[in-house]
Amino acid sequence: MGKVLTGVKPTGTLTLGNYIGVLKNLASYQEDNECYIFIADLHALTLPIDPELLRKNSIDIACFYLAAGLDPKKSVLFLQSSVSEHSELAIILQNYLYMGELSRMTQFKDKASKEKEEGIGLGLFTYPVLMASDILLYDCEVVPVGEDQVQHVELCRDVANRFNKRYGKTFVVPKAEVSKVGKRIMSLSDPTKKMSKSDPKGDIYLLDDEKTIRKKIMSAVTDLGNEVKYDPENKPGISNLLTIYAALKDISIEEAEKEFVGTNYGTFKGAVADTVIAQIVPFQERYRKILESKEYEKVLREGAQKAKAQAKNTLARVQKAVGLLDVKEK
Ligand code: ATP
Ligand code: MG
């Protein structure tokens, strides 16, 4: 069994992009892998967020994971802030990543460009340091992410290799795994931009009702012409909808294309809406039951204990490697 780690920031209601990029693949991952799944609440603080909203989003994400089929007997679900080793390792690791590397990160450039200079906290800049700590604490071989996070995982590999070279093998060097279909779901209103929970334009939210979902898909920006064809360069809107359709149906893009030969955009959009609704509505029902029963509380509490048991071993290894003295009681 391989070890796998994945996380989502509680910055907003999850989108169809998060569902296809991460949630949907979870149930099958946990059959063959030991999964560590965390809610990246410390990462959510890297941009201003209302405390009530942060709490609500964190609970929602726990419920979403459970609704997506996370089995607490097989997988460990926890809050990043409940396992203090994440922060402790980040303080050490920050010394092995460089200003130049961090300033080249696309996410930093994107998010910082939307803020005023005085609104860009240091945490937004050092985000990949904490993310590298999240990953390295669990000795994971594989990190399933959407395409947007590949750059951060690459940086994590660099720092792990750098550290291992200097101090001897301390970290398992992880690799990013991007799903074949649905690695990057685009905004429905601007298919050249990624669908992102903190940028509400063109999103489908996992708590949108049936009517809203249909309306959003039917009014998605499409391209000139009337042929349902995958061509991201010239037909980004239609290609995005084909990706959504294929990912949800677990078929290839070519198979999806074949289903719509000779139809028109309207028929195609209707079929995409039906497919999204058919998966999201039952998912929402499961989410509501879990939220009401509060079963997530116990799952998060026990998850934190299990995660900590693993994280503290890795941290101790790192502290020893760099020369921090251990004077704890034996
Ligand atoms: P934010 O706007 O706050 O950055 P986000 O929607 O990008 O939100 P994250 O919490 O940054 O979500 O990412 C959670 C996971 O979802 C990551 O693995 C990321 O790669 C994946 N993901 C995010 N957006 C998409 C997308 N549009 N398509 C596929 N996967 C995505
Ligand atoms: Mg993101």
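The values are calculated or read from the model by the stated rules, or taken from the named source; none is laboratory data. None of these values were measured; they are calculated from a predicted model. All Cβ positions, glycine included, derive from the backbone under ideal geometry; neighbour counts span all protein chains shown. Keep in mind that these areas ignore ligands, DNA and RNA; they rest on the heavy atoms of the full protein, side chains included. Shrake-Rupley method; radii C 1.70, N 1.55, O 1.52, S 1.80 Å.
Looking at (1) open to solvent by less than 10 Å² (accessible area, probe 1.4 Å); (2) away from ligand 1 (no atom under 13 Å from the Cβ); (3) touching a Phe, Trp or Tyr at 6+ places or on another chain (Cβ under 8 Å); (4) not aromatic (F, W, Y), find the lone condition where L89 falls short.
Going through (1) open to solvent by less than 10 Å² (accessible area, probe 1.4 Å); (2) away from ligand 1 (no atom under 13 Å from the Cβ); (3) touching a Phe, Trp or Tyr at 6+ places or on another chain (Cβ under 8 Å); (4) not aromatic (F, W, Y) one by one, L89 breaks only (3).
Count, please, the residues in region 238-274 that happen to be without any contact (Cβ under 8 Å) to a residue 60 or more places away in the chain and either crowded, with 21+ Cβ neighbours inside 10 Å or assigned to a helix (DSSP H, G or I) (or both).
The total comes to 22.
Within region 199-216, take every residue that is more than 15 Å from ligand 1 (Cβ to nearest atom) and part of a helix (DSSP H, G or I) and give me the one that is most open to solvent (accessible area, probe 1.4 Å). If you could, list the steps in order and put the result at the bottom.
Taking region 199-216 as the starting set, the residues that turn out to be more than 15 Å from ligand 1 (Cβ to nearest atom) are 209-215.
Checking the rest, the ones that are also part of a helix (DSSP H, G or I) come to 210-215.
On the way: E210: 95, K211: 169, T212: 50, I213: 0, R214: 85, K215: 150 Å².
Step by step, filter region 199-216, then rank; the result is K211.
Does Y65 satisfy the condition of being of a type in the set (S, T, Y), part of a helix (DSSP H, G or I), open to solvent by less than 40 Å² (accessible area, probe 1.4 Å) and within 16 Å of ligand 2 (Cβ to nearest atom)?
Against the criterion (of a type in the set (S, T, Y), part of a helix (DSSP H, G or I), open to solvent by less than 40 Å² (accessible area, probe 1.4 Å) and within 16 Å of ligand 2 (Cβ to nearest atom)), Y65 does not qualify.
Of the numbered conditions (1) under 24 Å from L136 (Cα atoms); (2) among the hydroxyl-bearing types (S, T, Y); (3) at pLDDT below 95, T13 satisfies every one except a single condition; which is it?
(1)
How about region 71-86: which of its residues are open to solvent by less than 10 Å² (accessible area, probe 1.4 Å) and in a loop (DSSP other than H, G, I, E, B)?
Going through region 71-86, the residues open to solvent by less than 10 Å² (accessible area, probe 1.4 Å) turn out to be 75, 77-78, 80, 83, 86.
V83, the sole residue that qualifies.
Identify the single condition in (1) within 21 Å of L206 (Cα to Cα); (2) of a type in the set (G, A, S); (3) touching a strand residue (DSSP E or B) at 6+ places or on another chain (Cβ under 6 Å) that A273 does not satisfy, given that it satisfies every other one.
(3)
I'd like to check which helices (runs of 4 or more DSSP H) are fully inside region 100-198 and have at least 2 residues that are within 16 Å of ligand 1 (Cβ to nearest atom) and open to solvent by 40 Å² or more (accessible area, probe 1.4 Å).
By residue number, 106-113, 150-167.
Suppose we keep only residues that are within 14 Å of ligand 2 (Cβ to nearest atom) and part of a helix (DSSP H, G or I) within region 21-58. Which one would you say is farthest from Y205 (Cα to Cα)?
This residue is H43.
Of the residues L97, L53, L45, L26, which is out of contact with any Cys (no Cβ under 6 Å at 6 or more places or on another chain), away from ligand 1 (no atom under 14 Å from the Cβ) and either within 21 Å of K175 (Cα to Cα) or modelled with pLDDT of 95 or more (or both)?
Within the list L97, L53, L45, L26, the selection yields L97.
Any residue in region 162-175 that is at pLDDT below 95 and over 17 Å from the mean Cα position of the chain (by Cα)?
Checked region 162-175: no residue is at pLDDT below 95 and over 17 Å from the mean Cα position of the chain (by Cα).
Scanning for something of a type in the set (A, V, I, L, M), over 29 Å from P282 (Cβ atoms) and touching a helix residue (DSSP H, G or I) at 6+ places or on another chain (Cβ under 9 Å), does region 174-193 turn up at least one residue?
yes
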